[in-house]
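Data first, discussion second: the structure below is written as C-alpha cells.
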Amino acid sequence: MPTLKKFVPVVFSLAITSLCLFGSSGRLNWPNAWALLALNFAASVASTVLFSRNPALLAERSNVKAGKSWDKPIVAFVVLLGPVATWITAGLDTRYHWSPDMPPSAFFAGIVIGALSAALVAWAMHSNKFFSSVVRIQKDRGHVVVTSGPYRFVRHPGYTGMSAFTLATPLILNSRWAFVPALVTAAVTGLRTILEDRTLHNELEGYADYARRVKYRLAPPIW
C-alpha cells in the first residue's frame, strides 16, 4: 500500500484545482466544481495506488528531464496551462454568466465520460510498465512494444483518456466558454500524439509492425 507521503502530490494538485475553480468563481457553493474535484480525487488516488505497486514506473514518471526537448513545452501546456485555463474560464463564466446554462443531461454525460476516461487511463497505466510522463525510448529499462490491454485497440489509449477527460470538464462545470481552452488542450495532446508516434516508429524496434496491426492512434475508426 502507498504511504501517506505519496499522496502529497494528490493533495497539492487538488489544492491548485480548488484555488482556480473557487477563486475565479468567487464562491464555494458550486456543486459542479465539487463534483469535478471528487472525480479528480478518485482518479489521482487510483493512479497513486497503481504507481505504488510499480516503483520502477513511479521513478520513470518522475524522471522529467530525460524526455525529448520538444516535449517539455507541450507537457507544460497539457498538464498545467491548459487545465488551469479551463478551470478559470469555467469559474469566470459561472461568476459572470457569460453563457447560458447547459441542460442537466450535459452534467451527467460529463461525469460518465470523465469516469470512463479516468478508468481508461488507469487501464493503460496498469497494462504498460513503460507508461511515462515524457517521450523517450527507455532503453535502460528494456523498452518493448506493449500490445495488451487497451493497446490492442488504439496505440495511445492514455492520450485518448486524457483528451476525453479534458473535453468532459466543461460539461461537468456547466460552461460553454470552457470548451475553448479545453479544445485547444485536446488539440495539443493530439499534436503530442503525432510526435510521439513518429518517435516510436523511428526509435522503438517492432513499433512499425504494431502500428500496421493497430491502425488507430486515439479514436477508432476516426484517427
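The values are calculated or read from the model by the stated rules, or taken from the named source; none is laboratory data. Note that the coordinates shown come from a computational prediction; the quantities given were computed from them, not determined experimentally. We place every Cβ from the backbone using ideal geometry, glycine too, and count neighbours over all the protein chains shown.
List pairs: first residue in region 9-35 and free of Cβ contacts under 8 Å to residues at least 12 places away in the same chain, second residue outside any helix (DSSP H, G or I) anywhere in the structure, Cβ distance under 9 angstrom, at least six positions apart or on different chains.
Going by the 9 Å Cβ cut-off, the qualifying pairs are Trp34/Leu28.
Select from region 136-183 the residues that are in a loop (DSSP other than H, G, I, E, B) and small (Gly, Ala, Ser) and write down the one among them that is nearest to Asp209 (Cα to Cα).
Among those that are in a loop (DSSP other than H, G, I, E, B) and small (Gly, Ala, Ser), it is Ser148.
Tally the residues that are surrounded by fewer than 20 Cβ atoms within 10 Å (Cβ to Cβ) and either touching a helix residue (DSSP H, G or I) at 6+ places or on another chain (Cβ under 7 Å) or touching a residue at least 12 places away in the same chain (Cβ under 8 Å) (or both), restricting the search to region 168-187. Show your work before the answer.
So in region 168-187, the residues surrounded by fewer than 20 Cβ atoms within 10 Å (Cβ to Cβ) come out as 176-177, 179-180, 183-184, 187.
Subsequent filtering for residues that are either touching a helix residue (DSSP H, G or I) at 6+ places or on another chain (Cβ under 7 Å) or touching a residue at least 12 places away in the same chain (Cβ under 8 Å) (or both) retains 176-177, 179-180, 183-184.
Number of matching residues: 6.
Those residues that are assigned to a loop (DSSP other than H, G, I, E, B) and hydroxyl-bearing (Ser, Thr, Tyr), I need them from region 122-135; list them, please.
The answer is Ser132, Ser133.
Those residues that are charged (D, E, K, R) and either in a loop (DSSP other than H, G, I, E, B) or crowded, with 19+ Cβ neighbours inside 10 Å (or both), I need them from region 188-209; list them, please.
Answer for region 188-209, where residues must be charged (D, E, K, R) and either in a loop (DSSP other than H, G, I, E, B) or crowded, with 19+ Cβ neighbours inside 10 Å (or both): Arg192, Glu196, Glu205.
Scan region 69-86 and tell me whether some residue there is outside any helix (DSSP H, G or I) and at pLDDT below 95.
Residues of region 69-86 that are outside any helix (DSSP H, G or I), as a first pass: 69-70.
When the remaining residues are screened for being at pLDDT below 95, the result is 69-70.
Yes, region 69-86 has at least one match.
Right, Leu218: buried (at least 17 other Cβ atoms within 10 Å of the Cβ) and either modelled with pLDDT under 95 or in contact with a His (Cβ under 7 Å, 6 or more places away or on another chain) (or both) or not? Please lay out each step first, then the result.
Numbers: buried (at least 17 other Cβ atoms within 10 Å of the Cβ): yes; either modelled with pLDDT under 95 or in contact with a His (Cβ under 7 Å, 6 or more places away or on another chain) (or both): yes.
For Leu218, the condition - buried (at least 17 other Cβ atoms within 10 Å of the Cβ) and either modelled with pLDDT under 95 or in contact with a His (Cβ under 7 Å, 6 or more places away or on another chain) (or both) - is met.
With the condition kept exactly as written, say whether any residue in region 45-56 is over 25 Å from Ser132 (Cα atoms) and either at pLDDT below 95 or surrounded by 12 or more Cβ atoms within 10 Å (Cβ to Cβ) (or both).
There is no residue in region 45-56 that is over 25 Å from Ser132 (Cα atoms) and either at pLDDT below 95 or surrounded by 12 or more Cβ atoms within 10 Å (Cβ to Cβ) (or both).
When you look at Pro150, is it of a type outside the set (A, V, I, L, M), modelled with pLDDT of 95 or more and closer than 30 Å to Ser99 by Cα, yes or no? Full working, then the answer.
Numbers: of a type outside the set (A, V, I, L, M): yes; modelled with pLDDT of 95 or more: yes; closer than 30 Å to Ser99 by Cα: no.
Considered against the rule, which asks whether it is of a type outside the set (A, V, I, L, M), modelled with pLDDT of 95 or more and closer than 30 Å to Ser99 by Cα, Pro150 comes out as no.
What residue, among those in region 83-93 that are under 14 Å from Ala168 (Cβ atoms) and of a type outside the set (Phe, Trp, Tyr), is farthest from the chain's Cα centre (by Cα)?
Ranking the qualifying residues of region 83-93, first place goes to Ala90.
Examine region 210-220 for a residue that is β-branched (Val, Ile, Thr), in a loop (DSSP other than H, G, I, E, B) and under 16 Å from Trp123 (Cα atoms), and state whether such a residue exists. Spell out how you get there, then give the answer.
Filtering region 210-220 down to residues β-branched (Val, Ile, Thr) leaves 214.
From the residues that got through so far, the ones that are in a loop (DSSP other than H, G, I, E, B) too are 214.
After this cut, where a residue has to be under 16 Å from Trp123 (Cα atoms) as well, the list is none.
Looking through region 210-220, none of the residues is β-branched (Val, Ile, Thr), in a loop (DSSP other than H, G, I, E, B) and under 16 Å from Trp123 (Cα atoms).
Can you say whether Leu21 is at pLDDT below 75, under 23 Å from Ala164 (Cβ atoms) and part of a helix (DSSP H, G or I), as far as the supplied structure shows?
no
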